[in-house]
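The numbers here are math on the coordinates, done by the rules we state, and not lab data. Treat the numbers as computed from the prediction; the structure is a model and nothing was measured. In this analysis, Cβ positions are derived from the backbone assuming ideal geometry, glycine residues included, and neighbour counts consider all displayed protein chains.
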Amino acid sequence: MSFFSTQHSDALRANVESFRVNGNYTDVTILIEDKKFSCHRAILAAGSYYFKSMFSSGMEETHKSSFTIKQIDPLVFGHVLHFIYTGSITITSGIVFELFSQSHMFQISTLVELCVQFFKEKINDSNCLCALSLADAHAHTDLYEFTKQYACEHFTSLVNDEDFIRLSGECVVDLLKDRRLNCTAESQVFEAAVRWLENDIEHRKSYRYQMMTCIKFPLIRQSYLLDVVIKSPHVACEKGQEMIEEALSFHTVPSRRNLLHAYQITPRYSFPYTEAAVLLGGRVADGLSSDVEYYRPDTREFVSLKPLPFKKRNEYAACVIELVRLTLSPSLYPQQSIFLATAFPSFF
């Protein structure tokens, strides 16, 4: 029969932590600023891959009785040591950012995940962008995606925060191109990109084109394009001018909208949708047609979409959630055993 005593394991943890606090049986001292931490190599190596690698790599720290760690907060390191020895910790808003960084540095995955759990439970407008930047810096995908989603949902209240202009260029690009970005007008996204760029234009001008490709210029009001965007130095390059020309053609030549890149004309989820009737195929004077058009009742206009890859005869068309689906049923083509489906997304 096998038994396990939680009482014994609890007592063991309490005893080794007592040895550390009182300096009993310690064999190494860690120096951080003006603080000294007496520890046990075996416990450090067991609780941290960082220390395990250090003590087994043959580096000078392997044999030295003391060594220095720079550029970390000694107070927070004390919490890290307590966790290594006991597995317990009290996390507060005041230490969580430094604690997360040290947990990554010392490769303590369990403590990293506790910090992530704290962020998820305490996320708000005041700490979201700092947490996003932290996750970005440490390449922590779970925390990054969680905080990015929060930032998308609360974009209008966060975009003017000072922490926004401190985000990395890659992070801002990733945020601004997200379709979940909750804004009332695409011009807000343009203004956010400009604000980030102009905070340090000398070092950030290399991001201009990347930033501008995040903007759905065709979805910006024509008057704003002409009065503001076209005058901006951030679209002065040849590629920038091409984007503006395409955006203006979206407003002035509706029949060419189907030629624009899908990203540019895909509305963000926060934008209002307009009902439309879609006409697919049909019969014309010279036979069957592969043409597709949609009709907007609010503007009373027909606009051409990309044609079908085949000429429609007896197929079925239906609107399913956000897709217009056209399906060829095998029952309609018993001799050919055809089954094919195509779909038009909800943006035109």
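List the pair-distance distribution P(r) of region 1-115, using every Cα-Cα distance, as the percent of pairs falling in each 5 Å bin from 0 up to the bin containing the longest distance, rounded to whole percents. So the P(r) values, bin by bin, are 2, 11, 21, 24, 21, 13, 6, 2, 1, 0, 0.
Straight-distance candidates among the lysines for linking to Lys64, with alpha-carbon spacing under 20 Å and chain neighbours fewer than 8 residues away dropped: Lys35, Lys36, Lys52. Past 19 Å, Cα to Cα, is the threshold; run Lys177/Lys306; Lys122/Lys148; Lys120/Lys177; Lys205/Lys239 against it and keep the listed order. From Lys177/Lys306; Lys122/Lys148; Lys120/Lys177; Lys205/Lys239, over 19 Å: Lys177/Lys306; Lys120/Lys177. Values of log10 I(q)/I(0) for the chain across q = 0.09, 0.10, 0.14 Å⁻¹ run -0.73, -0.80, -1.12, by the Debye formula with one identical scatterer at each alpha carbon and no solvent. With Cα atoms defining each centre, region 170-209 and region 58-82 are spaced 40 Å apart in the structure.
Considering only Leu248, Phe164, Val76, and ranking their Cα positions along the charge dipole of the chain that arises from unit charges at the beta-carbon of Lys, Arg, Asp and Glu, the one farthest toward the positive end is Leu248.
Ignoring solvent entirely, what values of log10 I(q)/I(0) come out of the Debye formula for region 197-261 at 0.14, 0.25 Å⁻¹ when each Cα is a single scatterer? Log10 I(q)/I(0), no solvent term: -0.42, -1.11. The translational diffusion coefficient of region 144-302, from Stokes-Einstein at 10 °C and 1.306 mPa s with a Kirkwood hydrodynamic radius over alpha carbon pairs, comes to 91 µm²/s.
Using only DSSP helix segments of four residues or longer, with each worth -39500 (n - 2.57), what per-residue ellipticity at 222 nm results for the chain after dividing by its residue count and rounding to 500?
Values: 16 runs with 152 residues, N = 348.
One gets -12500 deg cm²/dmol as the mean residue ellipticity at 222 nm.
Remark: His203, His138 ranked as His203, His138, counting other beta-carbon atoms within 10 Å and listing the fewest first.
Placing +1 on each Lys and Arg Cβ and -1 on each Asp and Glu Cβ, with no other charges, gives the chain a dipole about its Cα centre of roughly 820 debye.
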